[in-house]
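Below: the structure, in structure tokens.
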Amino acid sequence: TMKIATLTSGGDSAGMNAVVRAVVKAAILKGCEAWIVREGYEGLVRGNAEAESPPGYVPPSAHYSDFPPAATNIINNLRFGDGELLKDGTGDYASGRTLKGRYIVRVGWDDVRGWFTEGGTLIGTARSKEFRTREGRLAAAYNLIKEGIDALVVCGGDGSLTGADVFRAEWPQLIADLRAQGKISEDQVNKHSHLRIVGLVGSIDNDMSMTDLTIGAPTALHRICEAIDNINSTAFSHSRAFVLEVMGRHCGWLALLAGVAGGADFLFIPEQPPKCQPWEDEMCDAIQQHRQVGKRKTLVIVAEGAHDIDLKPIKAEYVKNILTDRLGLDTRVTTLGHTQRGGRPCAMDRILPTLQGFKAVEVLLDANPETPSYMIGIQENKITTVPLVEAVAMTKEVSTAIEKKDFEKAMRLRDPEFRE
Ligand code: F6P
């Protein structure tokens, strides 16, 4: 049987647990073993310590047999200072072995029950520095082979999937090195000759090319909309202006769509800085016009990665000062921060990962050395599989275009419908 492991990497996003749940269930349904890697690539690099249980360890069921098994599990983990709710095993909570020092663990059907409603990622995530080094990736390859993992599902954003692509490209060389160091056998070399890896895009930023939506983006957008609704009522009451800073890193999707869904007077996104210089005039003119026709409130949305056409950052505080000084508006800044990232996934962020998770397992089962590694996406309402290497390269093109101040190209790459 094939052993399929899932990890979540980079910034967490709503729907990552639904990914794990879907992959675990799909794997089991297809007769495979389901595994997870805790703490993203960091867990791959660390692998499993040789000792499985601390000395003198007594299974907690002996002490806590009257407690619900999940509570027992929590207590057990707290006792060993690990804090993880998961345990290794196959859905039998009472097995209660600690996870300390173990990052690559087998999971069962019951372990992931109900996970599609939970925010964040229950198996942990990290932005692993180690995995960015070749040494780290060598350790990761060794740990995967040592645990006999045949295939890897990576759910993460742009950076994490770029990492997945590097790992895949480097794999044959890593294997050769491990063999040369005598760490793996000839049999293991043959069994793991190529890395079966598939990417699922989990990110609130919606910044990946070749997919219409990333898992977590709809929920984050919804959070922003709710925040705007709240702000609107207080802004209206005082006839105030608000400058709202939203996340998205180098991508303006959250800011732009929040402007559409929540209503904004003006907004700043990295892909399309205001063309007029100085843009302060353009913004003030627009807002003054809105005020003149009777608007009592003003909302300006600033994407965290916003800049002007010379790539000079545009910051919320600066925008606030302009609105106060030039228009005499009573202005406040609200930075939404991580409230955008947390919390329960909306329906779309349960449906999308569930469909894509099942697709990922199919893709892994069909994979052979001749097929490329895939990224699972959604385009025009259909679940798609596109070569990972292409999606990663196309995403890079957007940031390159922005760096070169070719904003027209950046917008075209983000939105093929976009025309001047
Ligand atoms: O990529 C997701 C994201 O939330 C970005 O929107 C933001 O720039 C970044 O992560 C924040 O990272 P951290 O949580 O490490 O501060």
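The values are calculated or read from the model by the stated rules, or taken from the named source; none is laboratory data. Quick caveat, the model's predicted, so the values are computed rather than measured. Glycine also receives a Cβ, built like all others from the backbone with ideal geometry; neighbour counts cover every protein chain displayed. These accessible areas exclude ligands, DNA and RNA; they are computed on the full protein's heavy atoms, side chains included. Shrake-Rupley method; radii C 1.70, N 1.55, O 1.52, S 1.80 Å.
At-a-glance table
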quantity: Search result, residues across the range 306-347 that are open to solvent by less than 40 Å² (accessible area, probe 1.4 Å), in contact with a His (Cβ under 7 Å, 6 or more places away or on another chain) and away from the ligand (no atom under 16 Å from the Cβ); calculated: C346
quantity: Qualifying residue in the range 261-283 (condition: within 16 Å of the ligand (Cβ to nearest atom), of a type in the set (G, A, S) and touching a residue at least 12 places away in the same chain (Cβ under 8 Å)); calculated: no
quantity: Some residue of the range 368-385 being within 16 Å of the ligand (Cβ to nearest atom) and open to solvent by 60 Å² or more (accessible area, probe 1.4 Å); calculated: no
quantity: Filter result for L244 (farther than 15 Å from K320 by Cα, open to solvent by less than 40 Å² (accessible area, probe 1.4 Å) and within 16 Å of the ligand (Cβ to nearest atom)); calculated: no
quantity: Inter-residue pairs, beta-carbon under 6 Å, first farther than 22 Å from D165 by Cβ and in the range 9-28, second among the acidic types (D, E), 6+ apart; calculated: A14/D349; N17/E118
quantity: Selected residue (criterion: surrounded by the most Cβ atoms within 10 Å (Cβ to Cβ)) from residues of the range 209-230 that are in contact with a Leu (Cβ under 7 Å, 6 or more places away or on another chain) and assigned to a loop (DSSP other than H, G, I, E, B); calculated: S209
quantity: Members of the range 20-44 that are within 16 Å of the ligand (Cβ to nearest atom) and either at positive phi or not charged (D, E, K, R) (or both); calculated: E39, G40, Y41
quantity: The range 163-184, residues that are in contact with a helix residue (DSSP H, G or I) (Cβ under 7 Å, 6 or more places away or on another chain) and among the β-branched types (V, I, T); calculated: I175, I184
quantity: Criterion: in a loop (DSSP other than H, G, I, E, B), open to solvent by 40 Å² or more (accessible area, probe 1.4 Å) and farther than 18 Å from A391 by Cα - qualifying residue of S237, S193, S233; calculated: S193
quantity: Meets criteria (open to solvent by less than 30 Å² (accessible area, probe 1.4 Å) and in contact (Cβ under 8 Å) with a residue 24 or more places away in the chain) for V166; calculated: no
quantity: Meets criteria (open to solvent by 30 Å² or more (accessible area, probe 1.4 Å) and within 15 Å of the ligand (Cβ to nearest atom)) for H250; calculated: yes
quantity: Residue match in the range 170-180 (condition: assigned to a loop (DSSP other than H, G, I, E, B) and either surrounded by fewer than 21 Cβ atoms within 10 Å (Cβ to Cβ) or in contact with a Gly (Cβ under 9 Å, 6 or more places away or on another chain) (or both)); calculated: no
quantity: Hits in the range 325-359 (condition: in a helix (DSSP H, G or I), of a type in the set (K, R) and in contact (Cβ under 8 Å) with a residue 40 or more places away in the chain); calculated: R326, R350
